[in-house]
Amino acid sequence: MGDHVFQSDSAAGQARPSSRAPSASGPFTRGPLRGVAVALALIAACALPLAASDYHVFQLTLVVIDAIALLGLNLLTGYGGQISLGHGAFYGIGAYTTAILVHTFGMAYWLTVPCAACVCLGLGFLFGLPALRLEGLYLALATFALGVVLPQLFKFRGVERWTGGVQGITLVKPEAPFGLALSPDQWLFVFSFAIALVLFVAARNLVRGPTGRAIVAIRDCPTAASSVGLDTAMYKSITFGVGSRSSSWL
């Protein structure tokens, strides 16, 4: 009797459907295939500038730079759920920081990259402290005002000697170091692409870590997130600062 009951329960357990959701299947869901796809994409990205003209290589560089800027906006809007209509303002702050340091102070171009990122991280965090206490349309209008006002400040006479006013600042494309047989456009692409890879990997680690889970929790349900002790205003400001820094690397 006991054996019969045991066998029946066992059979029922085997026949019971699993409560787990079926795993997704596809050509790029498995680790090895995904790694091969990523490796092929990286090889193609590195080989393409060698076969294209300098003009097309420069266009590809602009695409990479825009991808870096969109990465920061994706962190803020996609994962943080905060609407920003003036995110290009931080793109401009980073660009002018780099241009001023190179043109006026003669700093090496590769040293200006972390400097511009730190400036935008600080400004983005400070702007986020009061602005991200707003929500929805009010936050969008606050960021839109920043995007409208900042270009006029760059052309203000008081800072014209630094920013170049309406003429802006013209920089010479850097030469490839270490005697590499690359044109300035090709080296600029390689330099930008390397930074993009580092930032995308860093963003991936961020959103998969505790900070990323907290940001997503605040986006999905701010009330529940605050009830478990998360400082929603602080996390929103951190998201704004990190998103602004990512948009200012180049």
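Using Cβ point charges alone (K and R +1, D and E -1), the dipole size of the stretch 111-198 about the Cα centre works out to roughly 260 debye.
Computed with a 1.4 Å probe on the full set of protein chains, the accessible area for D54 sits at about 70 Å².
Computed from the Cβ-Cβ distance with R0 of 35 Å, the FRET efficiency linking I169 to L33 stands at 0.15. What the pair-distance distribution of the stretch 106-250 shows, using all Cα-Cα distances binned every 5 Å from zero, is 2, 8, 12, 16, 17, 15, 12, 8, 6, 3, 1, 0 percent.
Full extension of the chain segment joining C221 with A140 gains 27.2 nm, where the gain is 0.36 nm per residue of separation less the Cα-Cα distance. To put it simply, the accessible area of the stretch 84-232 at a 1.4 Å probe is 69 percent carbon and sulfur. If the Kirkwood radius is taken over C-alpha pairs of the stretch 73-122, then at 37 °C and 0.692 mPa s the Stokes-Einstein diffusion coefficient equals 278 µm²/s. Here the stretch 190-241 has an Rg and Dmax of 13.7, 46 Å, counting Cα atoms alone. If the chain linking A202 and K155 were pulled fully straight, counting 0.36 nm for each residue of separation and taking away their Cα-Cα distance, it would gain 13.5 nm. For the stretch 38-68 and the stretch 158-216, write down the distance between their C-alpha centroids in whole Å. Cα centroid of the stretch 38-68 versus Cα centroid of the stretch 158-216: 14 Å apart.
The value for the stretch 152-221 of Rg(Cα) / (2.2 N^0.38 Å) is 1.80.
Stretching R213 away from L180 to a fully extended chain increases their span by 7.6 nm, per 0.36 nm per residue minus the current alpha-carbon distance.
Summed over all non-identical Cα pairs, the Kirkwood treatment of the stretch 99-159 gives a radius of 13.7 Å.
The values are calculated or read from the model by the stated rules, or taken from the named source; none is laboratory data. All figures in this text were calculated on a predicted structure; none of them were measured in a lab. Note that each Cβ is placed from the backbone with ideal geometry, even for glycine, and that neighbours are counted across all protein chains shown. In case anyone asks, the SASA skips ligands and DNA or RNA and just uses the protein heavy atoms, side chains included. Shrake-Rupley method; radii C 1.70, N 1.55, O 1.52, S 1.80 Å.
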